[in-house]
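Heads up, the thing below is written out as structure tokens.
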Amino acid sequence: MLHDTRAGRLHRFARAASLEETWMKATAPAALVLAGIVFSMLSPYFATWRNVNGMLADAAIPVLLAVGMTFAVMLAGIDLSMAGTMALASVVFGLSYTAGWGLALSCLLSIGVGLVVGVVNGLFVGRVRIPDMIVTLGTMGLVQGIGLIVSRGIPVPVSDPVLQAVASSSLGPFRYNFLIVVLVVVVLHVMLTHMPVGTHLLSVGDNVEASKAMGLRVPRVKLIGYLVCGAMSGLAAVFMVLYVGSTQPATNTDYVMKAVAATVLGGTSLFGGRATIWGPALGAVLLTVVQTGLTMAGVEAFYEPAVVGVVVLAAASMMRGRR
Amino acid sequence: MPGSHAVEVVDLYKSFGNVEALRGVSLTVRPGEVTAIVGDNGAGKSTLIKCLSGYHAADGGRILLDGQEVRFGSPLDARRQGIETVYQDLALADELTVWQNIFLNRELTVGPRPLRLMRRRAMRTSAAQLVDSLAVSVPSVGKTVRRLSGGQRQAVAIARAVMWSSQLVIMDEPTAALGLRETAQVEDLIRRVVDQGTTVLVISHNFEQVMRLSQQVWVMRGGRVVSGHRTADVSGVELVAEVTGAREFS
């Protein structure tokens, strides 16, 4: 019967599509396992708990930036200003902390800087409707510049007992900074998959016209996405200060590329509308593991940006074939 | 006779700059029927339904629902008054699931406003019930819309509109992008929703479809309604003549 063959074809098509989806979702975890096995064979020190714990701590900033970046990419956008915002936020953190305003307020100010940049990005992308690439390139220059002007380019040492404890103490087997990052990832996951705003973000990223027709306020939804990006940049600045022990006025744009790479590795569609939070988080851990593993295997650190660049291009090309 | 019409449009005007898209359109839609609007490109059909669905605000004239005058500032206003629109380009988000599309921007939630959590299971269940009740052939409401065929997508869009409408479902060329078989399926679906009490206003280029589906047909030309008939009293050939204006010249 005609209907049966048709249903059969549909069924096969659906199965192939779901396999493909599983494959996209499995990329980061599978590659993580593979990298673990390979590097364990290359270096006996790699598979020790000390090293694993160290890698998880190292992954804190990349994970925060990756999950933030995911909120821009799910809107079919990008936030190039994240690393610059992180630098400026660390400078503001340093100013506040050295002025004696205390740790809590300094952290809030740092995140506040990120939120302000997020508002600017979100308004220009959503209301003024300038392409995200141009807007965030502009704000990247702006925040980078302000950070350098304000700080004269000089890092300010910050040694706070609480920050040091977060960086080095553990609760059970895990360091505090790793646990905080896990908490942030869980909160953003709930936001994306269990709150209406998450569906709205995906819908706007997928199809602006359809979203408008359903009465979604597109500029507002885009603003929310860029606010999350900004907040993650600001929070990452706090982690940078506790990680390095000082503010970092100079922008390291490698962080942006890494965040995009992790986002793509985590199965986020560069065309918007499809994203998870745990995927990019695992992607960022994977990149950190590869970086550490390569160093242990005696590969020079100079190779790292090239490796990340290849990952971005390869993952993006794979996605190109899907549309 | 107010109240006997689901929708009444009285002397509606709408201009875009120098272009007068609607020049005094009047028509009525009876409840529980399929009312069709036919007309050539540029006759003003799309502008009219965009006024009815809240996309455009009319420059003059009145829209009455159940005899009550209404004004729409946005599509959301129209939806709040029970008017749902099935757009030509479907208005579905491909990467979202069927149930997410059906509940888009009308999610069922628990908890206080800023921290509302979605009732995913409840939405899934009622989406599945909706799809079953309309006998729509969608594989599963948990599938992403991207995996559906053109007819299935249109069925989802129609099901969503029927679920949320209390007054009127507007359909803009509901089968324009579909093959013959899928067109027949969508027409069956439209008949079923009308049998269940939904009022439908349909724009179609397909005269045979208008004859098959509708009970009332209005002909638009040059921004006006030039005639209206009970579909049973008119032939497709006559409609074509009225749409092109051939009757006036012959």
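The values are calculated or read from the model by the stated rules, or taken from the named source; none is laboratory data. Just so we're clear, the structure is a prediction, and the values are computed from it rather than from any experiment. As a convention, Cβ positions derive from the backbone with ideal geometry for all residues, glycine included, and neighbour counts pool all protein chains shown. Just so you know, the surface numbers come from the protein's heavy atoms only, side chains and all, with ligands and any DNA or RNA stripped out. Shrake-Rupley method; radii C 1.70, N 1.55, O 1.52, S 1.80 Å.
Identify the residue in the range B:202-227 that is polar (S, T, N, Q), touching an Asp or Glu at 6+ places or on another chain (Cβ under 8 Å) and assigned to a loop (DSSP other than H, G, I, E, B) and, among all such residues, is most open to solvent (accessible area, probe 1.4 Å).
Checking each candidate, the answer is B:GLN215.
Per-residue answers, yes or no, for (1) touching a helix residue (DSSP H, G or I) at 6+ places or on another chain (Cβ under 8 Å); (2) open to solvent by 30 Å² or more (accessible area, probe 1.4 Å):
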| residue | (1), (2) |
| --- | --- |
| A:ILE146 | yes, yes |
| A:ARG152 | no, yes |
| A:VAL158 | yes, no |
| A:ALA167 | yes, no |
| A:ASN177 | yes, no |
| A:ILE180 | yes, yes |
| A:VAL186 | no, yes |
| A:VAL190 | no, yes |
| A:GLY198 | yes, no |
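Mind checking which residues of the range A:258-278 are touching a Leu at 6+ places or on another chain (Cβ under 8 Å) and either more than 14 Å from chain B (Cβ to nearest Cβ) or not small (Gly, Ala, Ser) (or both)?
Result: A:LYS258, A:ALA259, A:ALA261, A:ALA262, A:VAL264, A:LEU265, A:GLY266, A:ARG274, A:THR276, A:ILE277.
With respect to A:SER233, determine if the residue is at the interface with chain B (Cβ under 10 Å from one of its Cβ atoms), polar (S, T, N, Q) and assigned to a helix (DSSP H, G or I).
So A:SER233 fails the test.
Just to verify a result, which residue in the range A:73-116, among those that are free of Cβ contacts under 8 Å to residues at least 12 places away in the same chain, among the hydrophobic types (A, V, I, L, M, F, W, C) and not in a helix (DSSP H, G or I), is farthest from A:GLY273 (Cα to Cα)?
By that ranking, first place goes to A:ALA99.
Quick check on A:SER203: is it closer than 29 Å to B:GLN88 by Cα, touching a His at 6+ places or on another chain (Cβ under 9 Å), polar (S, T, N, Q) and within 14 Å of chain B (Cβ to nearest Cβ)?
Against the criterion (closer than 29 Å to B:GLN88 by Cα, touching a His at 6+ places or on another chain (Cβ under 9 Å), polar (S, T, N, Q) and within 14 Å of chain B (Cβ to nearest Cβ)), A:SER203 does not qualify.
For the range B:211-243, enumerate the residues that are under 24 Å from B:SER15 (Cβ atoms) and among the hydroxyl-bearing types (Ser, Thr, Tyr).
B:SER227
Might you check whether a residue that is at pLDDT 90 or above, under 16 Å from A:ASP58 (Cα atoms) and either buried (at least 20 other Cβ atoms within 10 Å of the Cβ) or touching a helix residue (DSSP H, G or I) at 6+ places or on another chain (Cβ under 6 Å) (or both) occurs anywhere in the range A:292-312?
No; the residues of the range A:292-312 include none that is at pLDDT 90 or above, under 16 Å from A:ASP58 (Cα atoms) and either buried (at least 20 other Cβ atoms within 10 Å of the Cβ) or touching a helix residue (DSSP H, G or I) at 6+ places or on another chain (Cβ under 6 Å) (or both).
With the condition being closer than 17 Å to B:ASP59 by Cα and at pLDDT 90 or above, I'd like the strands (runs of 3 or more DSSP E) fully within the range B:1-45 carrying at least 1 qualifying residues.
The strands (runs of 3 or more DSSP E) meeting that bar are B:7-16, B:19-29.
Just name the residue that is least open to solvent (accessible area, probe 1.4 Å) out of those in the range B:79-118 that are in a helix (DSSP H, G or I) and of a type in the set (Lys, Arg).
B:ARG79
Applying the selection to the range A:201-222, what residues are closer than 17 Å to B:TYR55 by Cβ and assigned to a helix (DSSP H, G or I)?
Those that are closer than 17 Å to B:TYR55 by Cβ and assigned to a helix (DSSP H, G or I): A:VAL208, A:GLU209, A:ALA210, A:SER211, A:LYS212, A:ALA213, A:VAL218.
Given A:GLY215, A:GLY245, which one is within 11 Å of chain B (Cβ to nearest Cβ) and at positive phi?
A:GLY215
So B:GLY67 fits all but one of (1) crowded, with 19+ Cβ neighbours inside 10 Å; (2) in contact (Cβ under 8 Å) with a residue 60 or more places away in the chain; (3) more than 12 Å from chain A (Cβ to nearest Cβ); (4) not hydrophobic (A, V, I, L, M, F, W, C); what number is the exception?
Going through the list (1) crowded, with 19+ Cβ neighbours inside 10 Å; (2) in contact (Cβ under 8 Å) with a residue 60 or more places away in the chain; (3) more than 12 Å from chain A (Cβ to nearest Cβ); (4) not hydrophobic (A, V, I, L, M, F, W, C), B:GLY67 breaks only (1).
Which one is nearest to the other protein chains (Cβ to nearest Cβ), of the residues in the range B:80-102 that are closer than 19 Å to B:VAL169 by Cβ and hydroxyl-bearing (Ser, Thr, Tyr)?
My answer is B:TYR87.
Quick check on the range B:159-185: of everything there that is part of a strand (DSSP E or B) and open to solvent by less than 10 Å² (accessible area, probe 1.4 Å), which residue is farthest from B:SER137 (Cα to Cα)?
B:LEU168
Kindly establish whether A:GLY54 is surrounded by fewer than 24 Cβ atoms within 10 Å (Cβ to Cβ) and either of a type outside the set (S, T, N, Q) or at pLDDT 90 or above (or both).
Yes; evaluated as a whole, the condition is true for this residue.
Which number in (1) at positive phi; (2) facing chain A (nearest Cβ under 10 Å); (3) buried (at least 16 other Cβ atoms within 10 Å of the Cβ) marks the one condition that B:GLY61 misses?
Result: B:GLY61 passes all but (2).
For the condition touching a Ser or Thr at 6+ places or on another chain (Cβ under 7 Å) and either within 18 Å of B:ARG30 (Cα to Cα) or free of Cβ contacts under 8 Å to residues at least 12 places away in the same chain (or both), what is the one hit in B:GLN216, B:GLN196, B:GLN152?
B:GLN216
Using beta carbons and a limit of 9 Å, which pairs, at least six apart or on different chains, have the first residue in the range A:160-176 and in contact (Cβ under 8 Å) with a residue 24 or more places away in the chain and the second one open to solvent by 60 Å² or more (accessible area, probe 1.4 Å) and in a strand (DSSP E or B)?
As it stands, the answer is A:VAL166/A:ARG175; A:ALA167/A:ARG175, since those pairs meet every condition given.
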